[in-house]
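S.K.: Let me begin by handing over the structure; questions about it come next.
The values are calculated or read from the model by the stated rules, or taken from the named source; none is laboratory data. What you are looking at is a predicted structure, and each value in this text was computed from that prediction instead of being measured. Positions of Cβ are generated from backbone atoms using ideal geometry, with glycine treated the same way; all protein chains shown enter the neighbour counts.
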Amino acid sequence: MKKISIILFATIILIGCKKEEESTYYGNVVLTTQEELDEFGSKNYETINGNLQIGVLKIPGVEIETDIVYDKALSDLKRIEGDLIIQNTSLHWIEGLKNLEYIGGEFNFSFNDRIKKLEGLTNILYLGGNLTIKFNDRLETIDKFEYISSIFGDLSISFSGRTLDFLGNIKLIAGDLILYGVSFINLNGLDKLESIGGSMEIERCWGLENLDGLSNLRTVSGSISITWNKNLDNFCGLSNVLKEFENTYYVHSNKYNPSKEDILAGNCSLD
C-alpha cells in the first residue's frame with residue numbers, strides 16, 4: 001500500500017509539472033502582425049519566461065504601424081518574466097491583457113497612435129522595471145494602476161491626458177522621474193510619491209501651473225531639472241524635498257524661476 005501511495009504521489013507531481021510546462025512559453029516573443037498574435041494566443045500560455053514585444057520597435061525617422069488591432073487572443077496570459085513592450089500598433093484598446101498580473105522587467109507603451117484610452121491593465125500586481133508611456137498621440141485617459149505602489153526603475157510619461165491620477169498609488173520611484181510635454185495643470189496624481197532614487201526632470205509641460213502634487217516628496221537622490229514650462233509659476237510643492245537637498249537644482253524658462261533659497265524662504269510662487 002505504501003509503495004502504491006508513493007507511485008500515485010509521484011504521478012500527481014509529474015502531471016502538475018507537465019501542465020505547468022504546457023502553460024509556459026520559454027524564450028522571447030515578438031508579435032508584429034495580427035496573424036502572429038492570434039496564432040500565439042491560440043496556444044493559451046499563462047506565462048512567458050522572457051520578453052513579450054507586440055508591434056515593431058520605433059526606428060527614428062521611419063513611420064511604422066502594424067496591423068495589430070485586437071489583443072483578445074492573449075487573455076490567458078498572467079505572467080511575463082521579462083519586459084512587455086507595445087509599440088507602433090493599431091490597437092484601439094487593451095482588452096486581452098486584463099488578466100496580466102506580473103511583469104518582471106519594464107513596461108513600455110509608445111507610438112500607438114490609434115488608442116484613446118489605456119485600460120485593461122489594472123490587475124498588474126508587480127512591475128520590476130521602467131514604466132514608459134509616451135508619444136501615443138491620441139491617448140487621453142489611462143486607468144489607474146490600482147496595485148502598484150513602487151516603480152523599480154524609471155517613470156517616463158508623455159501624453160495628452162488631463163491628469164496623472166493613474167499613478168495615484170505610487171510612493172517610490174527607484175530610478176528617474178521624467179515628465180515631458182504633458183498637458184495637465186498640476187501633478188496631483190503624484191501626491192503619494194515620497195522618494196525618487198534617481199533624478200527628476202519636468203520639461204515642456206505647457207499646461208503645468210503648480211507643483212503642489214509633489215508636496216509629500218521627501219527625497220530626490222539625483223538632480224532636479226525643471227525647464228520650459230511656460231505657465232509654471234508655483235514651486236511650493238518642492239518645499240519639503242528641498243530642505244535637505246544638496247544636489248544640482250536647475251530651473252529656467254518657466255513663468256517663474258525661483259532659486260532653492262527662494263523656495264525655502266517662502267517665495268515659492270508669483271502669487
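S.K.: Which one of these does THR163 not meet: (1) under 16 Å from the mean Cα position of the chain (by Cα); (2) surrounded by 20 or more Cβ atoms within 10 Å (Cβ to Cβ); (3) closer than 24 Å to PHE111 by Cβ?
M.R.: If we test THR163 against (1) under 16 Å from the mean Cα position of the chain (by Cα); (2) surrounded by 20 or more Cβ atoms within 10 Å (Cβ to Cβ); (3) closer than 24 Å to PHE111 by Cβ, just (2) comes out false.
S.K.: Would you point out which residue out of ASN112, ASN123, ASN136 is in contact with a Leu (Cβ under 9 Å, 6 or more places away or on another chain), touching a residue at least 40 places away in the same chain (Cβ under 8 Å), more than 25 Å from ASN210 (Cβ to Cβ) and in a loop (DSSP other than H, G, I, E, B)?
M.R.: Answer to the selection: ASN112.
S.K.: Given (1) in contact with a Lys or Arg (Cβ under 7 Å, 6 or more places away or on another chain); (2) at pLDDT below 95, identify the lone condition not met by LEU232.
M.R.: (2)
S.K.: Hey, another quick one. Could you tell me which of the residues ILE185, ILE202 is among the aliphatic types (A, V, I, L, M), at pLDDT 95 or above and under 17 Å from GLY161 (Cα atoms)?
M.R.: On inspection, the qualifying residue turns out to be ILE202.
S.K.: Also, quick follow-up: Condition (residue is farther than 22 Å from PHE111 by Cβ and of a type in the set (A, V, I, L, M, F, W, C)) applied to the range 174-182: is it met by at least one residue?
M.R.: There is at least one residue in the range 174-182 that is farther than 22 Å from PHE111 by Cβ and of a type in the set (A, V, I, L, M, F, W, C).
S.K.: Could you tell me which residue of the range 106-123 is nearest to SER75 (Cα to Cα), considering only residues that are at pLDDT below 95 and out of contact with any Lys or Arg (no Cβ under 9 Å at 6 or more places or on another chain)?
M.R.: Applying the filter and picking the extreme gives LEU118.
S.K.: Tell me, please, whether a residue that is of a type in the set (A, V, I, L, M, F, W, C) and more than 19 Å from ARG114 (Cα to Cα) can be found in the range 53-70.
M.R.: Looking for residues that are of a type in the set (A, V, I, L, M, F, W, C) and more than 19 Å from ARG114 (Cα to Cα), one finds none in the range 53-70, hence no.
S.K.: Let me ask you something else. Could you give every pair whose Cβ atoms fall below 7 Å, whose first residue belongs to the range 76-101 and is at positive phi, and whose second residue is part of a loop (DSSP other than H, G, I, E, B) and of a type in the set (A, V, I, L, M, F, W, C), counting only separations of at least 6 or pairs across chains?
M.R.: ASN88/VAL56; ASN88/ILE64; ASN88/PHE111
Conditions (1) surrounded by 23 or more Cβ atoms within 10 Å (Cβ to Cβ); (2) basic (Lys, Arg); (3) touching a Phe, Trp or Tyr at 6+ places or on another chain (Cβ under 9 Å); (4) closer than 20 Å to THR141 by Cα, marked per residue:
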| position | (1), (2), (3), (4) |
| --- | --- |
| GLY181 | no, no, yes, yes |
| LEU187 | yes, no, no, yes |
| THR219 | no, no, yes, no |
| ASN231 | no, no, yes, no |
| TYR249 | no, no, no, no |
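S.K.: Kindly list the number of the only condition in (1) more than 14 Å from ILE85 (Cα to Cα); (2) free of Cβ contacts under 8 Å to residues at least 40 places away in the same chain that fails for VAL30.
M.R.: VAL30 satisfies every listed condition except (1).
S.K.: Only one of (1) surrounded by fewer than 17 Cβ atoms within 10 Å (Cβ to Cβ); (2) at negative phi; (3) part of a loop (DSSP other than H, G, I, E, B) is not met by ASP38, so which one is it?
M.R.: (3)
S.K.: Something else about it: Going through the range 189-211 one residue at a time, which ones are crowded, with 18+ Cβ neighbours inside 10 Å and in contact with a Gly (Cβ under 7 Å, 6 or more places away or on another chain)?
M.R.: GLY189, LEU190, ASP191, GLY197, GLY198, SER199, CYS205, ASN210, LEU211
S.K.: May I pose another question? Looking at the range 59-93 only, could you name the residues that are assigned to a loop (DSSP other than H, G, I, E, B) and either out of contact with any Gly (no Cβ under 9 Å at 6 or more places or on another chain) or among the small types (Gly, Ala, Ser) (or both)?
M.R.: ILE59, PRO60, GLY61, VAL62, GLU63, ASP67, VAL69, SER75, LYS78, GLY82, SER90, HIS92, listed by residue number.
S.K.: Tell me the strands (runs of 3 or more DSSP E) entirely within the range 171-271 that contain at least 1 residues that are charged (D, E, K, R) and closer than 19 Å to SER156 by Cβ.
M.R.: 200-203
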